[in-house]
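Report on the following structure.
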Amino acid sequence: MRSNPNPLLHRSHNKNRLFHTKKLTLNKLAGGFVSLSVLTFMLLSAISSLPLAYAGDIDVDVQDDPDPYISLSIIDSASCPNSNHLVLDIAPNSLLNGTITSDCATIAVDTSSVYGYALTMNGDSDQKLHRTAGDPYELDPVASATPTTPQKLSTDTWGWGIAGFSNLNTTYIKENSNSLSVSTSKWAAAPATPTLIKQPNATGVWTNSDKFDIYFAAAADKATPTGTYSGTVTFTVSSEGLQLDKGSTDIVVDTDPAMIPIAYIGSTTTPQWVVADTTNSHTPNTYNANGGTYDWYDYNKKIWANAVTVTSTSRAAYQSAPAGTPILDADVVGYWVYIPRYRYQTWTTTWNSTNYPRSINIAFEDCHSNGTTCQTSGYAKSTVSDVLSGGVGTWATHPAFTFNGHELNGLWIGKYENTGSTGSPTILPNVTPLTNITINQMFVNAKALSGTDSTTIAGGHGLTTTYSNTRITNSTIWGAIAYLSQSLYGVCTNVACTTDGAAATSLNPTTAQKIWNNGTAQCAAPYNSGRTGYGNTGKTDTCLTTIGYENSSYTTDNAYYGVNGQLASSTNNPTGIYDLAGGAWEYNLDVYNSTILTASSGITAFDAKYMNNYPNPPLTNSDNDLYSGKYNLTDTFTTAFGQALYETGGGTTTTSAWNSDYSSSVYATYPWSVRGGHSNYGADAGVFASLRYTGGVHVNISSRAVQSTP
């Protein structure tokens, strides 16, 4: 990629690693028992440590970080009711044989909407339990025992096990025997270095709440000296290094110097944006009492990078302002949201009736480019041809991040549908979107956001062609927005992307997690397209039945910052992109056969730099190609790769897209595509919706701006 002469570059380094250290104390007393109790817990994060020390026979109250990304704890359960106070009973020393005894604890991991986790465990470096410092008496780890090669305990050894894990026993009992010197169950030795003991299952990740029992056991004979035998066991949970999280630290944000990075510190009743801390150094919010920081972004927590373009008279002040400086609404002419470069894991290569909605696996990419190639996190750029040869499950760089032969670190997307007027474009909330102009006028309007026109249009955005290329979306870019939205970085909180975590069994699951509709447009003439950045009181509410968006049911709760309005964004919070479902349809630069442009569109020549071509063949001159099976062709998959068309549907009706969004193809009479749906489509509007039109003016069709490096 050609380097930006003056970009703002920032990498996210959220390693999200938590530790619990559990100290095991084995007391063999003359009175005849050994107790295994929790004496010390330690919770460590990447930025702080909270030592929580407890002594004696007490229950341990594990205190989590106030906002943990991954939570690790030990809890009481039906199978292990005394997880924080474990007891291993040993019979009196007069027995002829030794004693085997065990107990268990229940481990709980909450991943807080991340891509699974890896749990490791390790004991002390010598793997032993020592009686006292310098004392030669000790309990050894069970010899040559690992999770894959567990062994039975012999006297003066100890071990651990997880039911059903690796080659360890399918079940464990509290193996307490006063007449055995060798255990019945097989156990593993606590490894000297961190060793993976739980990892993603076949579907790639676990649910957000995972619980399992871990057992500890010890063996002693009548000659074992009495005393206290101590050691530590450390559990570590992390998302770092998992395939599905690969590249989460590899975000690079390119900005035009005229863009002001911003952070949201408002509430659901009072919006407030401030100048962001672009170093993400957790500068505390002192502007108001809402708490939080001025950090620019954290995609792991669904906080996407936002920026504003402002009037020429206010720009210099904001460019030199410290983090936390309030952004005044009167100064803003455009709101933008960043889509970082990513690869995604394919889930289908055919149009099929069981292609149901799910969370899309995303891995961000750090692009180091020489202009035509891109090395990403140690992997060469992957393409649609890699998918076709590799099949389902192959990872591919999303094609939206290749522009005009160059590789992009990301794309800035208009946060709302385009607003303002012809010649004076804006991107603002709570105003009527710009409609009733041709697709060519929309394209020209967006181009005017950068270049010499950018400083002369009303308000001025300040973007220049040195740093920026501005345009409107095509379906490749629309697909990049849609796929990130349909991921654990967007509206999904689990791999099923459903409220109950159960996999969808239809194209339109009632439990789907999705972007709520902007239903502020009118159902009847004059079909006003409503307000930008608004959300309904439900996922699929339709348009207003009364004229005008002044309807009393639309309150601050429905504005972009309100409790309902936030759910109409791509993240279900104020940092996402709005108006992707409902509001107005949005023209995209996709055309049926590059020679059929229609006079009403105003576009006289096909431009492959900005436009997608849907050729005939494989498409036919019919509006039902998208759902009739015509897309079930290799060359059509190649044509529509990454565009939230072929990959996100599979039915046989006009509502065959995911979440039963409307699905219809371009053809000769209506050769230009529109996406997202109008409010009067109700449940059929959505980020996966597609339709077609002439390219001419329509009161229900708007557009969306895009900015990237040239």
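The values are calculated or read from the model by the stated rules, or taken from the named source; none is laboratory data. These numbers were taken from a predicted model, which means no experiment stands behind them. Neighbour counts are summed over all protein chains in view; Cβ atoms, including those assigned to glycine, are modelled from backbone coordinates with ideal geometry. Side chains included, ligands, DNA and RNA excluded: accessible areas come from the protein's heavy atoms. Shrake-Rupley method; radii C 1.70, N 1.55, O 1.52, S 1.80 Å.
Compare the peptides 440-448, 312-320 by average per-residue count of other Cβ atoms within 10 angstrom and give them in order, highest first.
440-448, 312-320
Any chance you could look up the accessible area of Leu428 with a 1.4 Å probe, heavy atoms only, rounded to 10 Å²?
Solvent-accessible area, nearest 10 Å²: 40 Å².
When all protein chains stay in place, what accessible area (Å², nearest 10, 1.4 Å probe) is found for Val563?
Counting only protein heavy atoms, the figure is 80 Å².
Kindly list the residues of segment 268-301 that lie in the label zone of Leu328, defined by a backbone N under 18 Å from the point 7 Å along the Cα-to-C-beta vector.
Within reach of a label on Leu328: 271-276.
Order 185-195, 595-605 from most to least packed using the mean count of other Cβ atoms within 10 Å.
So the order, starting with the most tightly packed, is 185-195, 595-605.
For Val333, which sequence-distant residues (separation of 5 or more, or a different chain) have an amide H within less than 5 Å of its own amide H, given hydrogens modelled in the peptide plane?
Under 5 Å from the amide H of Val333: Thr309, Val310, Thr311.
Between Ala108 and Thr279, what FRET efficiency comes out of the Förster formula 1/(1 + (r/R0)^6) with R0 = 41 Å and r the beta carbon distance, rounded to 0.05?
0.75
Order the following by accessible area, largest value first: Asp156, Asp579. Probe radius 1.4 Å; ligands, DNA and RNA are ignored.
Descending order: Asp156, Asp579.
So, in nm, how far is label Thr149 from label Ala317 when the simple model puts each one 7 Å beyond its Cα toward the Cβ?
7.3
Over 26 Å between Cα atoms: which of Lys301/Lys514; Lys447/Lys514; Lys128/Lys152; Lys128/Lys186; Lys302/Lys609 fall into that group?
Violating the 26 Å Cα-Cα cut-off are Lys447/Lys514; Lys302/Lys609.
What FRET efficiency comes out for the pair Thr604/Val697, r = Cβ-Cβ distance, R0 = 22 Å, nearest 0.05?
0.85
Round to the nearest 0.05 the FRET efficiency obtained for Asn436 and Asp221 when R0 = 60 Å and r is the Cβ-Cβ distance.
0.10
Length gain on complete extension for the stretch Ala503 to Leu388, per 0.36 nm per residue less the alpha carbon to alpha carbon distance?
38.8 nm
Which value, in Å² rounded to 10, gives the accessible area of Lys152 with a 1.4 Å probe and all protein chains present?
Answer for Lys152: close to 110 Å² accessible.
Just subtract the alpha-carbon distance of Thr286 and Ser267 from 0.36 nm times their residue separation and send over the number in nm, one decimal.
That pair, Thr286 and Ser267, stretches by 5.4 nm at full extension.
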